[in-house]
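Values quoted throughout were computed directly from the atomic coordinates according to the rules given, and no laboratory measurement underlies them. Everything numeric here is computed off the predicted structure, so don't read it as measured data. Note that we place each Cβ from the backbone using ideal geometry, even for glycine, and neighbour counts take in every protein chain shown.
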Amino acid sequence: MSVYLKDIPLDLAWKRFQDALETAGLWGILGIEEVVVDEGALGRVLAEPVWADFSSPHYHASAMDGFAVRADDTTGALPSSPRVLLTGDVARYVDTGDPLPEWANAVIPIEEVETLGARGEVVSGLRQAEAVRIRAAVTPWSHVRPMGEDIVATQLVLPAGQVLRPVDLGALIACGKSRVKVSRRARVAVLPTGTELVPAGTPAKPGEIIEYNSVVLAAQIEAWGGTPERFEITPDNFEQIRARVREAALRSDLVLLNAGSSAGAEDFSAGVIASLGEVLVHGVAVRPGHPVILGMLRVEGKDQPIPVVGVPGYPVSAALTGEIFIEPLLALWQGKAVKTPQQLDALLTRKVTSPAGDDEYMRVAVGRVGQRLLAAPLSRGAGIITSLIRADGIVVIPRGTQGLEAGAQVCVRLYRSPEEIEHTIFVIGSHDLTLDLVSQHLSVKNRRLVSVNVGSQGGLVALRRGETHLAGTHLLDPQTGEYNLSSIRQYLPGMPVRVIRWVGREQGLLVKPGNPKGIQSLVDLARADVRFVNRQRGAGTRVLLDYHLSKLGLNPDTISGYGLEEYTHLSVAAAVSSGRADTGLGIAAAAQALGLDFIPLYAEQYDLVFPRSYLEEPLLAPLFELAQDVHFRQAVAALPGYTVSEMGNVVADLG
């Protein structure tokens, strides 16, 4: 009988899964097979220890081109009193790797001898020399690789559980192994389901979603040592899904049933699994990934139960489910340890809240600013796959913790190497499309730019806290019409900073192609038939909007959608393009990117603000060079609504 459970703690969920796997005889190496070392062994996991069949080298070998000798025969040789050794059984020429004569126990390198002819004259022929003159004695076994120097017969060469590397293959061949026993790769079926899904390469209509979870899951399985099989998309039909799961179970060791995002998709998965076996867990107290299902399938034609994981439909949940449940299981079946990610301690840049009952896997960007290593939380939505692309690591907030304060020390499980982190330029502030171009150009200069979009005011606050190398800002002073300087003085009083002009931008209203609502100015935002999308509080665009609304005498409360907030210009454009809003204030480049029309209204200045203490740091040097790079400036100028005539100019040194 199936058991449906909700909000099971992660450790308890794993325990239930482990108990079922142990009962089925699946808590260990899945199977053993033999492979040819030089054809299919790379990356495989040894199922048994490897003991040497013979030594390497299996004879005393010369380590140099030279003459094999008895060390005793060289005693007394000095620069002022050289010794002459006759060739034959006293001195014999050998190449590197040649076996030593049985009577020899040392080699004199060729550059340390003079070869002599029959009358004692120096000759150039090595093998035809009648004698050699030496001017220094050698010790026994000099320049010799003795038998077993590398490997001695019967010694342990590689332990069970070793993931075979290129150098391991050489050691296996050297000790006499042409075939080795490795753990069998698990066959893993990946079944995407959902009526709304369409395969990659298919134009998606409204309501349709391009299916890529199975691509991510299959790639994870391949990277973790399994053999994935991706099935075709199955629509939300109980009998069709059931038939597909049964088919997968018959030819696989593990089934991943990836539910669609439509309502009731998880119920389809749980019901199918229950009809073919047992649901052990339905709902694990982790976020993202809460709807995970763990179960066992029992199908006719299969001797033992087959584990099944119901993978949530949201892409971040699906990917993290792979890391939490599938990677450890595949490691167990191969007899290897789960790879432990590098970890480091960092300080949170802002306060976060967390569901008290769940373990939360929070994605963060990481960078070193001054002497502090900082972790900036990224978007936490389960459907935002780009948050995993941008993530430098994961911070696990354990259940029972309702949140963390800004400045709290956290342990980051790294996705990137510490070296990459040390070459990261950390940017917190206003969003601008040119930062993506900066990141692209800096990548070839061994620098990585990480941009966290919190708005202009948020960027200045981050500068004050010492949490960023620089901040982008475009804050208008309503009193003077001046950009940025008054706000910098307000938020960074007395802090030594340099303000550098970056770009001029056009701000205006983004509307659908053809402008079907006939929107012409901010006055139209008060119309009952117009829905607006805003930027978040503290964003320069929001400040600009509020300033001009005030000048026009327009009350924000009269604007439908004024409270609908987005954090980037592209997000505003997406809201208009998708029909969530009729218009929004943003930059021309964002309108072009999503095929929208643009109504220009205002010119503004977007500046970069740097603490002066960082200006001479080698880390930032490539960024300053970029401001003068002709090709980069041309790329920015090609974006609609941008001017670069003042890019890189110092606006002011403050503080």
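Ala106's amide H: which non-local residues (gap 5+, or another chain) put their own amide H closer than 5 Å, with H modeled 1.01 Å from N in plane and none for Pro or chain starts?
Counting only residues 5 or more places away or on other chains, the set is Val69, Ala71, Trp141.
Around Ile425, which amide H atoms from residues at least 5 apart in sequence, or from another chain, sit under 5 Å from its own amide H, with H modelled in the peptide plane?
Arg448, Leu449, Val450
Going by alpha carbons, how many degrees (0 to 90, nearest 10) lie between the helix axis of 10-23 and the longest principal axis of the chain?
Computed tilt is about 50 degrees.
Can you give me the distance in nm between label points at Thr227 and Phe624, each placed 7 Å from the Cα along the Cα-to-Cβ direction?
About 5.8 nm separates the two model spin labels.
Quick check: residue separation of Ile32 and Val163 times 0.36 nm, minus the Cα distance between them. What number comes out in nm? Mind dumping the intermediate values first?
Numbers: separation 131, 0.36 × 131 = 47.16 nm, distance 1.43 nm.
Residue separation times 0.36 nm, minus the Cα-Cα distance, leaves 45.7 nm.
In what sequence do Ser571, Ser443, Ser269, Ser62 fall when counting other Cβ within 10 Å, fewest first? Could the numbers behind the result be given before it?
Values: Ser571 18, Ser443 11, Ser269 29, Ser62 23.
Least to most surrounded, the residues fall as Ser443, Ser571, Ser62, Ser269.
For the stretch 459-467, take each phi angle, set θ = phi - 60°, evaluate the Karplus expression 6.51 cos²θ - 1.76 cosθ + 1.60, and give the result in whole Hz per residue in order, putting x for glycine and proline.
x, 5, 5, 4, 4, 4, 7, x, 9
Which of Thr349, Thr424, Thr468 has the fewest other C-beta atoms within 10 Å, and how do the rest follow up to the most?
Thr424, Thr349, Thr468
Please arrange Ser379, Ser183, Ser124 by counting, for each residue, the other beta carbons lying within 10 Å of its beta carbon, fewest first. Working shown, then result.
Details: Ser379 14, Ser183 23, Ser124 8.
Listing Ser379, Ser183, Ser124 from fewest to most nearby Cβ atoms yields Ser124, Ser379, Ser183.
Rounded if a/c is under 1.5, else prolate if a/b beats b/c, else oblate: with a ≥ b ≥ c from the C-alpha gyration tensor eigenvalues square-rooted, which is the stretch 61-145? Provide the component values of the computation, followed by the final result.
On the way: a/c = 1.76, a/b = 1.23, b/c = 1.43.
Note, shape of the stretch 61-145 comes out oblate.
If you take every DSSP beta bridge whose two residues both sit in the stretch 343-416, what share of them, in percent to the nearest 5, is antiparallel? Don't jump to the answer; show the numbers that get you there.
On the way: 21 of 23 bridges.
Taking every DSSP beta bridge within the stretch 343-416, about 90 percent pair in antiparallel fashion.
Going by alpha carbons, how many degrees (0 to 90, nearest 10) lie between the helix axis of 238-250 and the longest principal axis of the chain?
10 degrees
For Arg119 and Ala136, calculate 0.36 nm times their separation in residues minus their Cα-Cα distance, and state this gained length in nm to one decimal.
3.9 nm
Report the label-to-label distance for Ala200 and Arg612 in nanometres (one decimal), using points 7 Å from each Cα along the Cα→Cβ vector.
Each label point lies 7 Å from its Cα, and together they span 5.2 nm.
What's the angle, to the nearest 10 degrees (0 to 90), between helix 265-276's Cα axis and the longest principal axis of the chain?
Taking the Cα atoms of the chain, the angle to 265-276 is about 50 degrees.
Looking at the square roots a ≥ b ≥ c of the eigenvalues of the Cα gyration tensor of the stretch 343-416, which shape do they give, rounded for a/c under 1.5, prolate if a/b is larger than b/c, or oblate? Display every interim value, and only then the final one.
On the way: a/c = 1.79, a/b = 1.17, b/c = 1.53.
It comes out oblate by the Cα gyration axes.
Taking the Cα centroid of the stretch 294-372 and of the stretch 590-609, what is the distance between the two, rounded to the nearest whole Å?
Centre-to-centre distance over Cα atoms comes out at 39 Å.
For the stretch 61-145, calculate the relative contact order in percent as a whole number, restricting contacts to Cα pairs under 8 Å that are 6 or more residues apart. Can you show the working numbers first?
Numbers: 204 pairs, mean separation 37.1, N = 85.
Averaging sequence separation for qualifying contacts and normalising by length gives 44 percent for the stretch 61-145.
For Glu566, what residues show an amide H to amide H distance below 5 Å, using hydrogens built from the backbone and excluding near sequence neighbours?
Excluding prolines and chain starts, which carry no amide H, the hits are Asn534, Arg535, Gln536.
For Cα pairs less than 8 Å apart in space and 6+ apart in sequence, what is the mean separation divided by the residue count of the chain, i.e. the relative contact order in percent?
Details: 1498 pairs, mean separation 70.5, N = 655.
RCO, the chain: 11 percent.
Suppose every K and R has +1 on its Cβ and every D and E has -1 on its Cβ; what is the size of the dipole of the stretch 499-655 about the Cα centre, in Debye to the nearest 20?
480 debye
Projected onto the charge dipole of the stretch 109-222 (+1 at Lys/Arg Cβ, -1 at Asp/Glu Cβ, origin at the Cα centre), which of Val113, Gln128, Ile221 gives the Cα projection farthest towards the positive end?
The one lying farthest along the dipole's positive direction is Ile221.
Listed highest first by mean packing, meaning other Cβ atoms within 10 Å per residue, what order do 516-528, 389-401 come in?
Details: 516-528: 15.2, 389-401: 17.8.
The densest-packed peptide leads the list: 389-401, 516-528.
Could you tell me which of Phe598, Gln628, Gln162 has its Cα farthest along the dipole of the chain towards the positive end, charges placed at Cβ (Lys, Arg +1; Asp, Glu -1), taken about the Cα centre?
Phe598
Once you place label points 7 Å from the Cα toward the Cβ at Asp7 and Thr643, how far apart are they in nm?
Once both label points are built, they end up 5.8 nm from each other.
Could you derive backbone 3J(HN,Hα) for the stretch 65-81 from the dihedral phi with the Karplus parameters 6.51, -1.76 and 1.60 (θ = phi - 60°), listing whole Hz in sequence and x where the residue is Gly or Pro?
Each residue of the stretch 65-81 in turn: 6, x, 10, 6, 9, 8, 4, 4, 6, 9, 4, x, 5, 9, x, 8, 9 Hz.
Can you find, among Cys175, Trp141, Leu197, the residue sitting farthest towards the positive end of the charge dipole of the stretch 136-237, where Lys and Arg contribute +1 and Asp and Glu -1 at Cβ?
Going by the charge dipole, the pick is Trp141.
Please state the shape class of the chain: rounded when a/c is under 1.5, otherwise prolate if a/b exceeds b/c and oblate if not, all from the C-alpha gyration tensor. List each step's numbers first, then the result.
Working: a/c = 3.01, a/b = 1.51, b/c = 1.99.
Because a/c hits 1.5 or more and a/b fails to exceed b/c, the chain counts as oblate.
Roughly speaking, what is the centre-to-centre gap between the stretch 193-245 and the stretch 157-174 when only Cα atoms are used, to the nearest Å?
37 Å
Using the beta-carbon distance between Asp345 and Glu247 and R0 = 56 Å, what value does 1/(1 + (r/R0)^6) give for FRET efficiency, to the nearest 0.05? Each step should come with its number before you reach the end.
Working: r = 48 Å, r/R0 = 0.86.
E between Asp345 and Glu247, to the nearest 0.05, is 0.70.
Cα centroids of the stretch 395-469 and the stretch 1-59: how far apart, whole angstrom?
Result: 38 Å between the Cα centres.
Counting Lys and Arg as +1 and Asp and Glu as -1, each charge on the Cβ, what is the dipole of the chain about the Cα centre in debye, to the nearest 20? Can you show the working numbers first?
On the way: 60 positive and 73 negative charges, 249 e Å.
Dipole size: approximately 1200 debye.
Can you say what percent of the DSSP beta bridges in the chain, counting only those with both residues inside, are antiparallel? Round to 5.
Values: 90 of 123 bridges.
Around 75 percent antiparallel, to the nearest 5.
Full-extension gain between Val338 and Gln479, please, as 0.36 nm times their residue separation minus the C-alpha to C-alpha distance.
Values: separation 141, 0.36 × 141 = 50.76 nm, distance 6.03 nm.
Value of the extension gain: 44.7 nm.
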